[in-house]
Amino acid sequence: MSDSEDWSDYEIEQDDKELNSHQLAAKSDSDYDSEEEREAELELAALKSIREGKTIKEITFENDAISALIKEINPESLPWIERCSITSSTPITLQDVTNDIEIELAIYQQALEAAQEGKKMVLKSNHSFTRPDDYFAEMVKTDEDMEKIRSRLLQEHKSIQLSEEAKKQRELKKFGKKVQNEKLRERIDKKRQTLNNIELLKKKRKSSDNADSFNDDFDVAIGEDYTGTATSNNSKSNKKNGKPLPNPKRRAKNDRYGHGGSKRGVKRNTQDSISDVSGINQNKGRSGFGKRGKGPASSKAGKKPRLGKSRRMSSK
Amino acid sequence: MASIYKKFTNADSSADHQQTPKNKQRIFNILLEFSIIYIYIYYRHRHLIKDLEILLPQSKKDSKLDTKKNLDVLNELAELNNCNNVLFFEARRHEDLYLWASRAPSGPSIKFHVLNIHTMSELKLTGNCLKGSRPILSFDSNFDSSLPYQLVKTLFEQIFSVPIGTRKSKPFFDHVMSFSIIDDKVWVRNYQISEKDPETGSDTNQLTTLVEIGPRFVLNVIRIFEGSFNGRTLFENPEFNTPTAVKSAIKRLKSAKYNNRVTSDTRQKMKEMKHSLPQDPLDNVFK
């Protein structure tokens with residue numbers, strides 16, 4: 001067992017070594033942002049590998065010969081205006097030599113310094129520096145070239161503007177959606193609140209119903225009719241089922257013709273119905289004492305008796 | 001194969017002619033080559049040569065040179081045309097460009113490798129200048145740090161400056177040629193000096209801005225010879241690697257990717273074989 005563990009450790013170590021030497025090549029393509037970057041990195045690695053493999057030979061610079069040549073080429077007696085060469089005051093030192101922007105900026109600064117210094121020197125040695133406005137001559141780049149450059153610049157400018165506008169539009173769209181969402185949420189909130197209120201009112205009404213039926217009149221406007229006292233029995237039974245009640249007309253019909261439950265023998269008399277005398281009008285069929293008219297009128301005891309026709313007509 | 005471009009400048013300083021020494025200019029260019037191979041020259045190299053010819057009014061372009069080996073011919077050509085500086089472009093493998101800058105006939109000569117070429121015709125370089133106007137040469141003070149670079153500087157001062165009164169030259173200054181040493185290479189840039197406000201067009205004497213004209217390229221010093229296209233080596237850049245070596249190294253690295261995969265595959269297989277579990281005698285008990 002221990003033998004095999006040792007073996008695998010060794011194997012892994014070897015793997016690491018292998019990886020290091022070819023780390024770059026082994027990297028998958030997706031690790032690079034672009035093909036160019038990959039090429040550049042490969043080139044750097046290649047340079048490194050070459051440098052490692054190279055045996056640096058002893059090089060002796062022929063410094064004396066070089067300095068002699070410099071003196072020979074460069075006659076000191078020549079005035080500055082012949083060469084117009086300016087050496088920068090500070091040498092270029094860069095932190096990162098792979099950063100293109102940094103390099104260009106450094107070179108630009110150097111050239112700008114030379115331009116400013118050169119202008120002074122040229123003017124000092126009594127030569128004209130700037131071209132007068134009425135001096136026309138052939139340019140390095142032709143008008144056609146410059147037109148191309150200009151159109152490209154314009155196009156670039158335009159495309160930048162367009163993209164910016166599109167960005168703004170996108171932002172607006174996003175914002176608009178936000179507003180819409182807020183509105184929708186508001187609406188939902190409102191609905192929920194009103195529903196809550198209704199529920200609350202219903203509860204209130206119910207509790208007040210039990211306590212005092214007098215309040216009934218005020219609550220008519222709120223909630224549905226079928227929660228009223230007339231069908232309180234029905235509503236109770238229906239609440240058990242959890243089903244909504246049918247409309248009042250239907251309920252009346254159901255009551256009348258029967259719907260649901262056993263239909264047989266409902267209309268028959270039972271012991272109770274026979275002994276129940278509450279529905280019997282005792283005055284029916286009898287002519288009351290001191291009373292005019294037909295019998296049933298007496299059953300409506302609380303009501304005013306109907307007057308005679310002549311009196312009715314005269315009261316109108 | 002070698003595309004060749006030569007530039008000669010004649011800078012005879014004749015003290016007896018006048019009190020002050022003077023630069024005389026002759027324009028002369030030579031480009032010689034095998035006629036068939038001509039079309040295979042990488043267009044960018046050709047454009048670079050054309051740009052330099054435009055920027056240096058004292059230059060004379062010659063036809064292509066039909067030899068790669070015997071470069072001493074160039075000295076004779078220079079003498080024939082009364083020139084004392086030669087710029088010789090050598091294209092190899094359709095993609096690598098070398099530049100010889102030499103002082104004919106006595107020397108020295110310097111061989112460069114030209115990298116990162118961008119020509120004037122590129123649309124992102126928006127500057128422009130008079131054809132034949134004199135440049136102000138700007139050198140990084142890094143040039144003074146070592147003798148070989150000092151030699152490069154003095155030679156470039158000779159070659160790239162336009163002497164006063166050159167034929168076809170204009171007596172104004174409207175561009176800067178800058179040479180900087182970054183990462184042990186010579187970076188060449190060419191800027192237009194703009195003293196006008198780009199928006200209003202009015203003169204702003206205080207504010208000088210630069211707009212790049214092109215071409216831009218980077219020179220890597222390979223060797224410095226004592227003579228012109230001959231002589232002993234005075235300096236050799238130890239950091240220089242031939243582009244062919246770099247390319248082959250890249251190829252090797254790329255192929256290493258495949259090789260790596262294959263070897264790791266086989267190693268994995270070997271590992272699996274070595275570590276295979278022994279047959280379990282109780283394996284089939286519950287089946």
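The values are calculated or read from the model by the stated rules, or taken from the named source; none is laboratory data. Predicted model only: the values in this text are computed from it and were never measured. Glycine also receives a Cβ, built like all others from the backbone with ideal geometry; neighbour counts cover every protein chain displayed. Each accessible area value is taken on the protein alone, full model and side chains, heavy atoms only, with ligands, DNA and RNA left out. Shrake-Rupley method; radii C 1.70, N 1.55, O 1.52, S 1.80 Å.
For first residues located in segment B:252-268 and closer than 18 Å to A:SER49 by Cβ, partners that are of a type in the set (S, T, N, Q) and lie 6+ apart or on another chain with Cβ distances below 9 Å form the pairs B:ARG252/A:SER49; B:LEU253/A:SER49; B:ALA256/A:SER21. Among all residues of segment B:57-72, there is none that is in contact with a His (Cβ under 8 Å, 6 or more places away or on another chain) and at pLDDT below 85. Scanning segment A:100-120 for residues that are open to solvent by 60 Å² or more (accessible area, probe 1.4 Å) and more than 13 Å from B:VAL176 (Cα to Cα) yields A:ASP100, A:ILE101, A:LEU105, A:LYS120. Summed over segment B:106-160, the residues that are surrounded by fewer than 20 Cβ atoms within 10 Å (Cβ to Cβ), more than 9 Å from chain A (Cβ to nearest Cβ) and assigned to a loop (DSSP other than H, G, I, E, B) give a count of 1. From the list A:LEU201, A:LEU154, the lone residue that is closer than 30 Å to B:ILE213 by Cβ and not aromatic (Phe, Trp, Tyr) is A:LEU154. The residue that is most open to solvent (accessible area, probe 1.4 Å), among those in segment A:131-169 that are of a type in the set (Gly, Ala, Ser) and within 30 Å of B:LYS50 (Cα to Cα), is A:SER151.
Within the span defined as segment A:54-68, one or more residues are within 60 Å of the chain's Cα centre (by Cα) and either at pLDDT below 85 or more than 7 Å from chain B (Cβ to nearest Cβ) (or both). Restricted to segment B:241-263, and to residues that are open to solvent by less than 30 Å² (accessible area, probe 1.4 Å) and closer than 16 Å to A:LEU44 by Cβ, which residue is farthest from the other protein chains (Cβ to nearest Cβ)? Ranking the qualifying residues of segment B:241-263, first place goes to B:PRO243. Of the residues making up segment A:61-104, those that are out of contact with any Leu (no Cβ under 8 Å at 6 or more places or on another chain), part of a loop (DSSP other than H, G, I, E, B) and among the hydrophobic types (A, V, I, L, M, F, W, C) are A:LEU78, A:ILE92, A:LEU94, A:VAL97. Of all residues in segment B:209-228, those being open to solvent by 10 Å² or more (accessible area, probe 1.4 Å) and assigned to a strand (DSSP E or B) number 9.
Residues of segment B:264-287 that are among the small types (Gly, Ala, Ser) and either farther than 30 Å from A:ALA40 by Cα or open to solvent by 100 Å² or more (accessible area, probe 1.4 Å) (or both): B:SER276 alone.
Of all residues in segment A:36-55, those being open to solvent by less than 90 Å² (accessible area, probe 1.4 Å) and not in a helix (DSSP H, G or I) number 1. In the set B:THR266, B:THR233, only one residue is in contact with a strand residue (DSSP E or B) (Cβ under 7 Å, 6 or more places away or on another chain) and either farther than 29 Å from B:HIS47 by Cα or more than 7 Å from chain A (Cβ to nearest Cβ) (or both); that residue is B:THR233.
Checking the structure you have, find out if any residue of segment B:34-44 is touching a Phe, Trp or Tyr at 6+ places or on another chain (Cβ under 9 Å), at pLDDT 50 or above and surrounded by fewer than 23 Cβ atoms within 10 Å (Cβ to Cβ). No, the conditions are met nowhere in segment B:34-44. Remark: pairs (first residue in segment A:110-121, at the interface with chain B (Cβ under 7 Å from one of its Cβ atoms); second residue surrounded by fewer than 24 Cβ atoms within 10 Å (Cβ to Cβ) and among the hydrophobic types (A, V, I, L, M, F, W, C); Cβ separation under 6 Å; 6+ apart in sequence or on different chains) = A:ALA111/B:LEU210; A:LEU112/B:LEU210; A:ALA114/A:ILE86; A:GLY118/A:ILE86.
Looking only at residues in segment B:88-105 that are part of a loop (DSSP other than H, G, I, E, B) and not basic (Lys, Arg), which one is nearest to the chain's Cα centre (by Cα)? Top of the filtered list is B:GLU95. The criterion of being assigned by TED's automatic domain parsing to the domain that holds B:SER228 and under 22 Å from B:LYS61 (Cβ atoms) holds for B:LYS131.
Criterion applied to B:ASN84, B:ASN29, B:ASN10 was being modelled with pLDDT under 85, in contact with an Asp or Glu (Cβ under 6 Å, 6 or more places away or on another chain) and either open to solvent by less than 30 Å² (accessible area, probe 1.4 Å) or among the charged types (D, E, K, R) (or both), and the one residue passing it is B:ASN29. On the given criteria, is B:PHE225 under 23 Å from A:SER49 (Cβ atoms), touching a residue at least 12 places away in the same chain (Cβ under 8 Å) and more than 10 Å from chain A (Cβ to nearest Cβ)? Against the criterion (under 23 Å from A:SER49 (Cβ atoms), touching a residue at least 12 places away in the same chain (Cβ under 8 Å) and more than 10 Å from chain A (Cβ to nearest Cβ)), B:PHE225 does not qualify.
Within segment B:262-280, identify whether any single residue is in contact with a Ser or Thr (Cβ under 8 Å, 6 or more places away or on another chain) and either among the polar types (S, T, N, Q) or closer than 20 Å to B:TYR98 by Cβ (or both), and answer yes or no. No. Scanning segment A:73-93 for residues that are exposed (fewer than 14 other Cβ atoms within 10 Å of the Cβ) and within 8 Å of chain B (Cβ to nearest Cβ) gives A:PRO75, A:SER77, A:PRO79, A:SER89, A:THR90.
Results for (1) modelled with pLDDT under 90; (2) away from chain B (no Cβ under 14 Å); (3) not in a helix (DSSP H, G or I), shown as yes or no for each residue.
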position: A:PHE136; (1), (2), (3): yes, no, yes
position: A:SER151; (1), (2), (3): no, no, no
position: A:HIS157; (1), (2), (3): no, no, no
position: A:GLN161; (1), (2), (3): no, yes, no
position: A:GLU165; (1), (2), (3): no, yes, no
position: A:LYS177; (1), (2), (3): yes, yes, no
position: A:GLU182; (1), (2), (3): no, yes, no
position: A:ARG185; (1), (2), (3): no, yes, no
